[in-house]
Amino acid sequence: MSTGRPVTIGYYVHHHGSGHAHRATAVAGELHRRGALVTGLSSAPRPTGWPGEWVALDRDDDPAVADPDAVDATAHGRLHWVPQHHRGLARRTAQLSAWLADADPDVVVTDVSQEATLLARLHGVPVVSVVLPGRRDDAAHALGLGVSAEVVSFWPPAADGMSPGLPDDVAARLRPLGGLSRFAPEPSPVAGAASGSVVVLAGTGGGSEVLQEAAARGAAAAPDLAWRVLGPGSWSTDPWAEIRAADVVVTAAGQNSLAEVAAARVPAVVVPQDRPHDEQRTTGRVLAGDAWPALVVDDPATADWADLVRRAARLDGGRWAAWVDGGAAARMADVVLTAGVRP
């Protein structure tokens, strides 16, 4: 039964990397436009453009505030990160509980944390959980996703095999919403154009050196091409214009980077990085099929980079439309608002 008040939503945003925040901001903007009140809950800084309140949570992974005798961070393998006697964890959990009790939200979104999911559900709040690529068949995922009201992912239904090993009950409820980019999709570039500009999204986090080294090899092998590396010391806070202008983008297999390349409709050379739960390797195996305008490189040190980028440039970037169609944020908002309807 409707109360007539705006739907109140808590949005837990994982603090590692920038992709979770970019995605959450896009969804929060859509929810805000529909009249919902969205509060961000995170240890990360408030993103530019966030439309509601932002609760800054204490870190639970700072060794400076941990008891040196802390043990059993996974609760005998049942959770991901709950170190005993960690004051940051205690304060963080108390902050979340206080907000849940005071705000009385209609629904909480977690992107991503099984512990935050469980905490919200133990407060009687329905949760919409985001599933990342990779093998998520451990006990913590089974528990957190199992108690969630809705389970969603940001890849298209056609990307089969992105989350192998999910428990049957969770897999049956998983809603693939499509890739979500903070940028509106562009018209497709002309297929078969000669390659002249290569943009390498090396990023600023772990694994950037692999892509920087790949760029150096590529520039040496194909000096006639214009190579532009966006990485430490040369990162752009708004790389969209450079991605869009490229003939080929070289990127890791992170969800945010792939979504932006797909939205730009530019062919890609994808270099999966080592991540927990085999996240990027799983994505790479899916992209290696013929459905997507991407070439996947598992061993960048031995790859023929001149051949790779020239072959990639001949792919039809328009096929990315099946990965990012521009509607994922709206579909996510539909799921969240429906989950937040009180009986």
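The values are calculated or read from the model by the stated rules, or taken from the named source; none is laboratory data. Predicted model, so just to flag it, every value in this text is computed and none were measured. Methodologically, a virtual Cβ is constructed for each residue, glycine included, from the backbone with ideal geometry; neighbour enumeration extends over all protein chains shown. The accessibility values were calculated without ligands, DNA or RNA, using every heavy atom of the protein model including side chains. Shrake-Rupley method; radii C 1.70, N 1.55, O 1.52, S 1.80 Å.
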Estimated inter-spin distance, residue 338 and residue 307, nm [label 7 Å along Cα→Cβ]: 4.8
So if each residue of separation counts as 0.36 nm, and I subtract the Cα-Cα distance between residue 73 and residue 234, what length gain in nm does that give? 54.3 nm
Considering only 276, 225, 178, whose Cα is most displaced toward the positive end of the charge dipole of the chain, charges sitting on Cβ of Lys, Arg (+1) and Asp, Glu (-1)? 178
The answer for the net charge of residues other than residue 108 whose Cβ lies under 12 angstrom from its Cβ, with Lys and Arg +1 and Asp and Glu -1, is -3
Positive dipole terminus of segment 250-343, leading residue within 321, 295, 253 (C-beta point charges): 321
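Decide, for segment 59-144, between rounded, prolate and oblate: order the square roots of the alpha carbon gyration tensor eigenvalues as a ≥ b ≥ c, take rounded if a/c falls under 1.5, and otherwise choose prolate if a/b is larger than b/c, else oblate.
It is oblate, given that a/c is not under 1.5 and a/b is not larger than b/c.
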Integer Hz, Karplus 6.51/-1.76/1.60 couplings in order for segment 314-322, x for Gly and Pro: 8, 6, 8, x, x, 5, 5, 4, 6
Normalised per residue, the volume of the convex hull around the Cα set of segment 89-190 (Å³): 136
What does the net charge come to around residue 253 if you take all other residues with beta carbon closer than 15 Å to its beta carbon, with K and R at +1 and D and E at -1? -2
Gyration tensor on Cα atoms of segment 201-273, a ≥ b ≥ c root eigenvalues, a/c under 1.5 rounded, else prolate if a/b beats b/c, else oblate, says rounded
Amide H partners (placed H, <5 Å) of residue 153, local residues excluded: 131, 175, 177
With every protein chain in place, the accessible area of residue 135 for a 1.4 Å probe, in Å² rounded to the nearest 10, comes to 110
Roughly what % of DSSP beta bridges within the chain run antiparallel, to the nearest 5? 5
Which of rounded, prolate or oblate describes segment 98-152 when judged by the alpha-carbon gyration tensor and an a/c cut-off of 1.5? prolate
So what's the net charge close to residue 288: Lys and Arg +1, Asp and Glu -1, counting the other residues with Cβ under 15 Å from its Cβ? -1
How long is the gain from residue 59 to residue 87 if the chain were fully straight, where each residue apart is worth 0.36 nm and the alpha carbon distance is subtracted? 9.1 nm
Nearest-20 debye value, segment 263-343 charge dipole, Cβ charges on Lys, Arg, Asp, Glu: 320
